[in-house]
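Only one structure is covered here, and it is reproduced in the block below.
The values are calculated or read from the model by the stated rules, or taken from the named source; none is laboratory data. Since the model is a prediction, treat every value here as computed from it, not as a measurement. Using ideal geometry, Cβ is built from the backbone for each residue, glycine included, and neighbour counts are taken over all protein chains shown. We work out accessible area using only protein heavy atoms, side chains counted, and drop any ligands, DNA or RNA first. Shrake-Rupley method; radii C 1.70, N 1.55, O 1.52, S 1.80 Å.
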Amino acid sequence: MNYRHAFHAGNQADVMKHAVLAYLLDRLCSKPAPFFVLDSHAGIGLYDLDGEAAQRTGEAVRGIRRLLSTAPALPAAAAPYLAQLARLNGGALPADGTIRSYPGSPALARGLMRPGDRLVLAELHAEDVETLRGHFRQDTQVAVHHMDGWLALKAHLPPKERRGLVVIDPPFEAPDEYERMVAALALAHRRWSTGIYLLWYPIKDRATMWRFHQMLEDTGIPKIAAANLSWADDDRSDRLNGSGLIIVNPPWQTEEALAELLPALHQGMGAVQGGTACHWIRDENGQPGR
Ligand code: SAM
């Protein structure tokens, strides 16, 4: 395991993933019944953009730091994400974008939970899981597990709550990560078919993305949406050209919200190539949606 998310925190992919995650969590907050969140590949939870790792790559400069300079123009769907960024940075977002604290998926989820909601985090890296634990030590609503996230999906689903969200965000170091993700989703969905699932994957060459979408379609799971944000037109497998999300059981009107949110993020991060798209892989009736 070589991957450390601290080198990539706040980059373009993080912005897309976390803005959508915050939107989905906010939608869960619109009903009073408690919800459950499982984050199978949690990372360290909260990132220091002035820290050595983030500074070494500078990836946040093209991601969140660039976006924040255009924050006032973002649509309502971005509000939950921006509110969490502000909460973690002294209550206000500087117009030049130089925030220091950047929330990973665990800090975002925790920030959007209410009393009674529950968060389970799995992280396999021995050092990173300790950092993660440090953020939630006294928190009775959060459980941190040093374990394989793929096994966590089996161990923690279905939850006792009837509503909730599962985040699956592996590092894509292994060549069979796409296959593993599809198998994990199929297993998790068999155990808990009503939960919302948010899966992140890298957009590199198009053939790999199409194969992944085909594998998802072949599961027969209904209500699978795909959302893309790319910043390069390249069809190359040797670099990250964009960020992809799979959303299973998206709440009503998510498609409309993303149709506003994603182009605004693309523009806000100053991308001049690539673009955004959102479509069903299988729709509400289980029909292939292309
Ligand atoms: N979800 C995090 C966020 O948005 O803030 C970022 C997660 S990062 C892309 C992937 C994480 O998965 C890394 O911290 C890595 O150590 C961890 N990881 C790798 N293999 C794992 C496994 N089998 N089970 C759980 N965690 C794993």
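In the set (1) more than 13 Å from the ligand (Cβ to nearest atom); (2) crowded, with 23+ Cβ neighbours inside 10 Å, residue 52 fails one condition alone, (2). Among the residues of the range 60-96, write down those that are within 22 Å of residue 231 (Cα to Cα) and surrounded by 20 or more Cβ atoms within 10 Å (Cβ to Cβ). Answer for the range 60-96, where residues must be within 22 Å of residue 231 (Cα to Cα) and surrounded by 20 or more Cβ atoms within 10 Å (Cβ to Cβ): 60, 63, 64, 65, 67, 68, 74, 77, 78, 81. Only a single criterion out of (1) at pLDDT 95 or above; (2) closer than 29 Å to residue 180 by Cα is not satisfied by residue 134, namely (2). So residue 243 passes all but one of these: (1) out of contact with any strand residue (DSSP E or B) (no Cβ under 6 Å at 6 or more places or on another chain); (2) surrounded by 15 or more Cβ atoms within 10 Å (Cβ to Cβ). Which condition number does it fail? Among (1) out of contact with any strand residue (DSSP E or B) (no Cβ under 6 Å at 6 or more places or on another chain); (2) surrounded by 15 or more Cβ atoms within 10 Å (Cβ to Cβ), the lone unmet condition for residue 243 is (1). The residues of the range 103-130 that are open to solvent by 30 Å² or more (accessible area, probe 1.4 Å), part of a loop (DSSP other than H, G, I, E, B) and away from the ligand (no atom under 12 Å from the Cβ), listed by number, are 114, 115, 116. Picking from residues in the range 1-13 that are surrounded by fewer than 24 Cβ atoms within 10 Å (Cβ to Cβ) and near the ligand (Cβ under 10 Å from one of its atoms), the one that is farthest from residue 68 (Cα to Cα) is 1. With the condition kept exactly as written, say whether any residue in the range 195-205 is aliphatic (A, V, I, L, M), within 20 Å of residue 245 (Cβ to Cβ), open to solvent by 10 Å² or more (accessible area, probe 1.4 Å) and within 16 Å of the ligand (Cβ to nearest atom). Within the range 195-205, one or more residues are aliphatic (A, V, I, L, M), within 20 Å of residue 245 (Cβ to Cβ), open to solvent by 10 Å² or more (accessible area, probe 1.4 Å) and within 16 Å of the ligand (Cβ to nearest atom).
For the range 1-38, the set of residues classified as touching an Asp or Glu at 6+ places or on another chain (Cβ under 6 Å) and among the β-branched types (Val, Ile, Thr) is empty. Does residue 133 qualify as being in contact with a Pro (Cβ under 8 Å, 6 or more places away or on another chain) and either part of a helix (DSSP H, G or I) or over 16 Å from residue 40 (Cβ atoms) (or both)? Here the answer is no, as residue 133 does not meet what is asked. Please state which of the following conditions residue 153 fails to meet, knowing it meets all the rest: (1) away from the ligand (no atom under 14 Å from the Cβ); (2) open to solvent by less than 20 Å² (accessible area, probe 1.4 Å); (3) under 17 Å from residue 247 (Cβ atoms). With respect to (1) away from the ligand (no atom under 14 Å from the Cβ); (2) open to solvent by less than 20 Å² (accessible area, probe 1.4 Å); (3) under 17 Å from residue 247 (Cβ atoms), residue 153 is out only on (1).
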